[in-house]
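Inspection log for the structure reproduced underneath, given as structure tokens.
The values are calculated or read from the model by the stated rules, or taken from the named source; none is laboratory data. What you are looking at is a predicted structure, and each value in this text was computed from that prediction instead of being measured. Here the Cβ positions follow ideal geometry from the backbone for every residue, glycine too, while neighbour counts run over all protein chains shown. Surface accessibility is based on the protein's heavy atoms, side chains included, excluding ligands, DNA and RNA. Shrake-Rupley method; radii C 1.70, N 1.55, O 1.52, S 1.80 Å.
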Amino acid sequence: MKSSARARILIFNVNWLGDVLFSTAAIRNVRRNFPEGFIACIIPSRCYPVLKGNPHLDELIIFDEKDRHKGLFSLLDFVRGLRAKRFDMVFLLHRSFSRALICRLAGIPERIGHYTKKRGFLLTRQIIPPKRDSLHRIDYYLDVIEKAGLRVEDRHTEFFISEEDQVYVEKFLEGQGVKKSDFVATLNPGGNWPPKRWPKEYWAELADKLMGDFGARVVISGSAGDVALAENIRKRMIQRPVLACGVFNLKQLGALARRSDLFISADTGPLHIANSVGAKKIIALFGPTSPEVTGPYPLKNVIILQKDVGCRIACYNVDCPDNRCMKAITPGDVLEKINTIRNPANGS
């Protein structure tokens, strides 16, 4: 590996919001090893907000293989652009063959990543991968850089928000009649695949109890794609929550999570954003996925709820017919944890 402190380093990242967030520990540790180096990171456009403003990176490069870089000519243009940047080495956090090939065609001399049979010949440093799901995703990405000889000092995630993001959220809440003294509970009911979602009727019951029994101001958050889901939950409720789906970008969502007294979510990107920004208290609802693999870290402000229903965990059956692992977590289970948070003496 090139030892120059001024090396030009590329990190070819993964595709999903939560996984890119998990990779921030690797990014920070790469920077520590090359404090004077130039470090760039390749990500899909949908994950750009996750790394925007990250002080450990000098450049973000967008790669959308199913959109702007889908055709052969656009892909070759991308390769030419990478070649012109004259990187000395690349850490391939993504296991794909195509990304390793891109880096080879771009003439990057040192190509470091987990070995697979298909792409092994494209790597100059083949890292033997750990057994699937034997490590947390954070440690899986750190494994690449550590086995390449870099020093790893810590493993927490990072998500950077601005004062403007926080002001925007505060003004929105004020406009909804939320006072600074109110207990704010943000519920994030969405998810990138259905088996990880908690039932709509459970969210409605929980929200009503939070507002009626605890006097909380409930905010239902999510992307524009979650508007219909939030409306469905609201229609099942007696109380009137604040609907904020499609209102905030990811940075503002992070600000909302930090502002909230309680953040409740299944295993999805916003859960990890909330933990990364230091949300006061988080309840994480886990069903088919494993907290040991994709759970929030650190756990000091997090309560994880998961029930054993006899299924193998982690389970990646996106066509699960009954979603019983998520249904097994009842609103009562969540309320019991909330009562402990609000009244610590009750949990002793």
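Would you check which residues across region 182-199 are within 30 Å of Arg312 (Cβ to Cβ) and in a loop (DSSP other than H, G, I, E, B) and list them?
Selection gives Pro189, Gly190, Gly191, Asn192, Trp193, Arg197, Trp198, Pro199.
I'd like the residue in region 304-313 that is among the hydrophobic types (A, V, I, L, M, F, W, C) and buried (at least 16 other Cβ atoms within 10 Å of the Cβ) and, out of all such residues, is farthest from Ala185 (Cα to Cα).
Ile313
In region 294-303, what count of residues is obtained for those that are surrounded by fewer than 14 Cβ atoms within 10 Å (Cβ to Cβ) and in contact (Cβ under 8 Å) with a residue 12 or more places away in the chain?
If we filter region 294-303 for residues that are surrounded by fewer than 14 Cβ atoms within 10 Å (Cβ to Cβ), which is where we start, we get 298-300.
Adding the requirement that they be in contact (Cβ under 8 Å) with a residue 12 or more places away in the chain leaves 298.
So the count comes out to 1.
Quick one: count up the residues across region 149-181 that are open to solvent by less than 70 Å² (accessible area, probe 1.4 Å) and not in a helix (DSSP H, G or I).
Matching residues across region 149-181 total 14.
For region 280-293, does any single residue satisfy the condition of being among the charged types (D, E, K, R), closer than 30 Å to His136 by Cβ, in contact (Cβ under 8 Å) with a residue 40 or more places away in the chain and open to solvent by 20 Å² or more (accessible area, probe 1.4 Å)? Please lay out each step first, then the result.
Going through region 280-293, the residues among the charged types (D, E, K, R) turn out to be 280-281, 292.
So of that shortlist, the ones also closer than 30 Å to His136 by Cβ come out as 280-281, 292.
So of that shortlist, the ones also in contact (Cβ under 8 Å) with a residue 40 or more places away in the chain come out as 281, 292.
If we keep only those that are open to solvent by 20 Å² or more (accessible area, probe 1.4 Å) too, we end up with 281, 292.
Among the residues of region 280-293, at least one is among the charged types (D, E, K, R), closer than 30 Å to His136 by Cβ, in contact (Cβ under 8 Å) with a residue 40 or more places away in the chain and open to solvent by 20 Å² or more (accessible area, probe 1.4 Å), which makes the answer yes.
Tally the residues that are open to solvent by 50 Å² or more (accessible area, probe 1.4 Å), among the hydrophobic types (A, V, I, L, M, F, W, C) and under 25 Å from the mean Cα position of the chain (by Cα), restricting the search to region 321-348.
The qualifying residues number 0.
Taking only region 8-44 into account, find how many residues are of a type in the set (Gly, Ala, Ser), modelled with pLDDT of 95 or more and closer than 21 Å to Ile273 by Cα.
Here the count works out to 3.
Assuming Ser265 fulfils every condition listed in (1) touching a residue at least 60 places away in the same chain (Cβ under 8 Å); (2) among the hydroxyl-bearing types (Ser, Thr, Tyr); (3) out of contact with any strand residue (DSSP E or B) (no Cβ under 9 Å at 6 or more places or on another chain) apart from one, which condition is it?
Going through (1) touching a residue at least 60 places away in the same chain (Cβ under 8 Å); (2) among the hydroxyl-bearing types (Ser, Thr, Tyr); (3) out of contact with any strand residue (DSSP E or B) (no Cβ under 9 Å at 6 or more places or on another chain) one by one, Ser265 breaks only (3).
When you scan region 23-110 for helices (runs of 4 or more DSSP H) that lie fully inside it, which ones turn up with 1 or more residues that are free of Cβ contacts under 8 Å to residues at least 24 places away in the same chain and open to solvent by 40 Å² or more (accessible area, probe 1.4 Å)?
Passing ranges, in order: 48-51, 72-85, 97-105.
Any chance you could count how many residues in region 32-50 are more than 18 Å from Arg86 (Cα to Cα) and in contact with a strand residue (DSSP E or B) (Cβ under 6 Å, 6 or more places away or on another chain)?
Step one: list which residues in region 32-50 are more than 18 Å from Arg86 (Cα to Cα), which gives 32-33, 35, 43-50.
So of that shortlist, the ones also in contact with a strand residue (DSSP E or B) (Cβ under 6 Å, 6 or more places away or on another chain) come out as 45.
Count: 1.
In the list Ala274, Ala244, Ala228, which residue meets the criterion of being at pLDDT 95 or above, assigned to a helix (DSSP H, G or I) and touching a Ser or Thr at 6+ places or on another chain (Cβ under 8 Å)?
After applying the criteria, what remains is Ala274.
Mind listing whichever residues of region 123-140 are assigned to a helix (DSSP H, G or I) and either touching a residue at least 40 places away in the same chain (Cβ under 8 Å) or surrounded by 20 or more Cβ atoms within 10 Å (Cβ to Cβ) (or both)?
Answer for region 123-140, where residues must be assigned to a helix (DSSP H, G or I) and either touching a residue at least 40 places away in the same chain (Cβ under 8 Å) or surrounded by 20 or more Cβ atoms within 10 Å (Cβ to Cβ) (or both): Arg137, Ile138, Tyr140.
If you go through region 291-322, how many residues are at pLDDT below 90 and either assigned to a strand (DSSP E or B) or of a type in the set (Val, Ile, Thr) (or both)?
Here the count works out to 2.
Can you name the residue in region 200-223 that is in a strand (DSSP E or B) and at negative phi and, of all such residues, is farthest from the chain's Cα centre (by Cα)?
So the residue we want is Arg217.
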